[in-house]
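Colleague: My questions will all concern the structure given below.
The values are calculated or read from the model by the stated rules, or taken from the named source; none is laboratory data. The structure displayed is predicted, hence computed values, not measured ones. Please note: Cβ atoms are built from the backbone with ideal geometry, for glycine as well, and neighbour counts cover all protein chains shown. Calculation scope for accessible area: heavy atoms of the full protein, side chains included, ligands and nucleic acids excluded. Shrake-Rupley method; radii C 1.70, N 1.55, O 1.52, S 1.80 Å.
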Amino acid sequence: MESVLECIKTRRSVRKYKDQSVSKDLLKQVVEAGLYAASGKGKQAPVIITITNRELIDEITKVNAEIMGSPNTDTFYGAPVIILVAGSLKANDKTAFADGTLALGNMMIAAHSLGLGSCWINRAKEGLKFDVYKDIFHSLGLNADDFVGVGHLALGYPEGDLPAAAPRLPQREFYID
Ligand SMILES: Cc1cc2nc3c(=O)[nH]c(=O)nc-3n(C[C@H](O)[C@H](O)[C@H](O)COP(=O)(O)O)c2cc1C
């Protein structure tokens, strides 16, 4: 296994996935990395919803593509898993969004370390206003209105090699001694 720093540097957004499901054990390891993310005041407020049901993935994809303004686009790149992260406005209204982003970041690194690929897919904030998302929350005994959609991960086994990272832009690091 690569070091954490290597994993951070070699992770890439994956936009092509093998037609291969991911075991529950691996999914739980990825999600665990999200659950262990730091959170404002240690409130552990974000919820992490892992979806492997193909019909539901297709419904979410349809909504996501509509929000993006490109109907009929597979915005999740055929991934067999979607992980939706939402921040709890009730538990941590001031840091709800930031809490969720860190959970997503942790999971992206963890997924890569486990040989999985992921890609952050946007438009979760808007998504929560749609019935398909509201129904998901309702089915889990939650009210979507109490949450802010932060992001989704498309997740699965990468098809093909990962590209190298783009060179890092200069003049973004400063040190004051
Ligand atoms: C907040 C955020 C939103 C993103 N939304 C999308 C998206 O909707 N669709 C997509 O294909 N990639 C999305 N990405 C992935 C970025 O395009 C990707 O991280 C960037 O091109 C750098 O590539 P890398 O992740 O391989 O380093 C998103 C990334 C972030 C951090």
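Colleague: Has the stretch 120-129 got at least one residue that is open to solvent by 80 Å² or more (accessible area, probe 1.4 Å), outside any strand (DSSP E or B) and near the ligand (Cβ under 10 Å from one of its atoms)?
Modeller: yes
Colleague: So, one more: Ala45 fails exactly one of the following numbered conditions: (1) out of contact with any strand residue (DSSP E or B) (no Cβ under 6 Å at 6 or more places or on another chain); (2) at pLDDT below 95. What is the number of that condition?
Modeller: Unmet for Ala45, out of (1) out of contact with any strand residue (DSSP E or B) (no Cβ under 6 Å at 6 or more places or on another chain); (2) at pLDDT below 95: (1).
Colleague: Which of the residues that make up the stretch 119-136 are over 24 Å from Val14 (Cα atoms) and free of Cβ contacts under 8 Å to residues at least 40 places away in the same chain?
Modeller: Matches in the stretch 119-136: Lys129, Asp131, Lys134, Asp135.
Colleague: Go through the stretch 16-49 and count every residue that is in contact (Cβ under 8 Å) with a residue 40 or more places away in the chain, in a helix (DSSP H, G or I) and either within 16 Å of the chain's Cα centre (by Cα) or crowded, with 17+ Cβ neighbours inside 10 Å (or both).
Modeller: 10
Colleague: Looking at Ala91, Ala110, Ala96, which is the one that is small (Gly, Ala, Ser), touching a residue at least 24 places away in the same chain (Cβ under 8 Å) and open to solvent by less than 10 Å² (accessible area, probe 1.4 Å)?
Modeller: Within the list Ala91, Ala110, Ala96, the selection yields Ala96.
Colleague: Let me ask another. For the stretch 142-166, how many residues meet the condition of being in a loop (DSSP other than H, G, I, E, B), within 16 Å of the ligand (Cβ to nearest atom) and under 28 Å from Phe97 (Cα atoms)?
Modeller: Here is the first cut: in the stretch 142-166, the residues in a loop (DSSP other than H, G, I, E, B) are 142-143, 157, 159-166.
Next cut, within 16 Å of the ligand (Cβ to nearest atom) only: 159-166.
Checking which are under 28 Å from Phe97 (Cα atoms) leaves us with 165-166.
So the answer is 2.
Colleague: Among the listed residues Leu56, Leu5, identify the single one that is open to solvent by less than 80 Å² (accessible area, probe 1.4 Å), in a helix (DSSP H, G or I) and away from the ligand (no atom under 13 Å from the Cβ).
Modeller: Leu56
Colleague: Answer yes or no as to whether Ser13 is at pLDDT below 95, open to solvent by 20 Å² or more (accessible area, probe 1.4 Å), of a type in the set (S, T, N, Q) and farther than 24 Å from Phe137 by Cβ. Please lay out each step first, then the result.
Modeller: Numbers: at pLDDT below 95: no; open to solvent by 20 Å² or more (accessible area, probe 1.4 Å): yes; of a type in the set (S, T, N, Q): yes; farther than 24 Å from Phe137 by Cβ: yes.
For Ser13, the condition - at pLDDT below 95, open to solvent by 20 Å² or more (accessible area, probe 1.4 Å), of a type in the set (S, T, N, Q) and farther than 24 Å from Phe137 by Cβ - is not met.
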